[in-house]
Amino acid sequence: MVLKKELKILILGILAGLSIGFGSAAYTACVYYGSSILGSILFSCGLLLVCIFGFKLYTGQIGKIFENKPLFVLDLFVMFVGNFIGAAGAGLLASLIVPNSDYQTIINNTSESKLCLINDIGSEWFKILIGGIFCGMLVYFGVEVFKKAEHGVTKVIGLILCVAVFVVCGFPHCIANMYYLGNSLYLFKYPLESFLSILICTIGNSIGAIFIRLCGCLVNILTKKVEKIETK
């Protein structure tokens, strides 16, 4: 029974990673054509697919870790592996159809900014961590807006804006980074830098989502206590 459940989560995780890969590919193409703003908007296609079809995205689920049974940690690990297979796999396949050298340069420049700084290439670890925290917050907000908004238009626009903000600000998303590093083949050229980058970014994304979730839970608890006091 557990095996079937984890297999289902793995498949949904792969589809989620693939969806984020599509969004990342759209962003890269838009940068190539000179419109990073449009790219940040089209990137949200990935998270929209995840939310609409119920795919399992690590950054959309990690905020719930303290509200679930211990076995949920296994679920998170399996979906993370699935996300990696889907996103990095899409990136590797996309590397076979790069149209020209200018496009490849954009791919490489994007990937270099995602690497953890070792041997004069990449970004400092604390920048990846802090940016990852902000990204985790915005992804959490985007998913919650989609779930809780009453009208369909509000759901879609709210999610798109949250995603567009973290993309245009350059806040790193661990699953999107898997696509970029796969697309540039930096996963193989710079394996240590890539591993550390994904690890640190994942920690940052997790902290951001969990922080917002815990703040929401605390507010709900305090609200209930205030209501009890007022009814006495």
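Worth a mention:
- Residue list for segment 118-134, filter: among the hydrophobic types (A, V, I, L, M, F, W, C) and touching a residue at least 24 places away in the same chain (Cβ under 8 Å): Ile118, Ile121, Trp125, Ile128, Leu129, Ile130, Ile133, Phe134
- Test set (1) closer than 22 Å to Leu196 by Cβ; (2) more than 14 Å from the chain's Cα centre (by Cα) - Gly54 fails condition number: (1)
- Selected residue (criterion: farthest from the chain's Cα centre (by Cα)) from residues of segment 57-83 that are buried (at least 21 other Cβ atoms within 10 Å of the Cβ) and within 22 Å of Leu185 (Cβ to Cβ): Gly82
Every residue, every condition in (1) touching a Pro at 6+ places or on another chain (Cβ under 9 Å); (2) surrounded by 17 or more Cβ atoms within 10 Å (Cβ to Cβ); (3) farther than 26 Å from Glu193 by Cα, yes or no:
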residue	(1), (2), (3)
Val98	no, no, no
Lys114	yes, yes, no
Ile118	no, no, no
Met137	no, yes, no
Gly142	no, yes, yes
Phe146	no, yes, yes
Ile157	no, no, yes
Met178	no, yes, no
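- Counting only helices (runs of 4 or more DSSP H) wholly contained in segment 32-83, the ones carrying 1 or more residues that are in contact with a Lys or Arg (Cβ under 9 Å, 6 or more places away or on another chain) occupy 45-53.
- Scanning segment 146-170 for residues that are in contact with a Gly (Cβ under 8 Å, 6 or more places away or on another chain) and more than 25 Å from Ser36 (Cβ to Cβ) yields a single hit, Ala149.
- Scanning segment 155-183 for residues that are hydroxyl-bearing (Ser, Thr, Tyr) and under 10 Å from Lys114 (Cα atoms) returns a single hit, Tyr180.
- The residue pairs whose first member lies in segment 212-227 and is farther than 20 Å from Lys64 by Cβ and surrounded by 10 or more Cβ atoms within 10 Å (Cβ to Cβ), whose second member is at pLDDT 90 or above and polar (S, T, N, Q), and whose beta carbons are closer than 6 Å, counting only pairs six or more residues apart or on different chains, do not exist in this structure.
The values are calculated or read from the model by the stated rules, or taken from the named source; none is laboratory data. Values in this document were obtained by computation on a predicted structure and should not be read as measured data. Ideal geometry is used to build each Cβ from the backbone, glycine not excepted, and the neighbour counts take in all protein chains shown.
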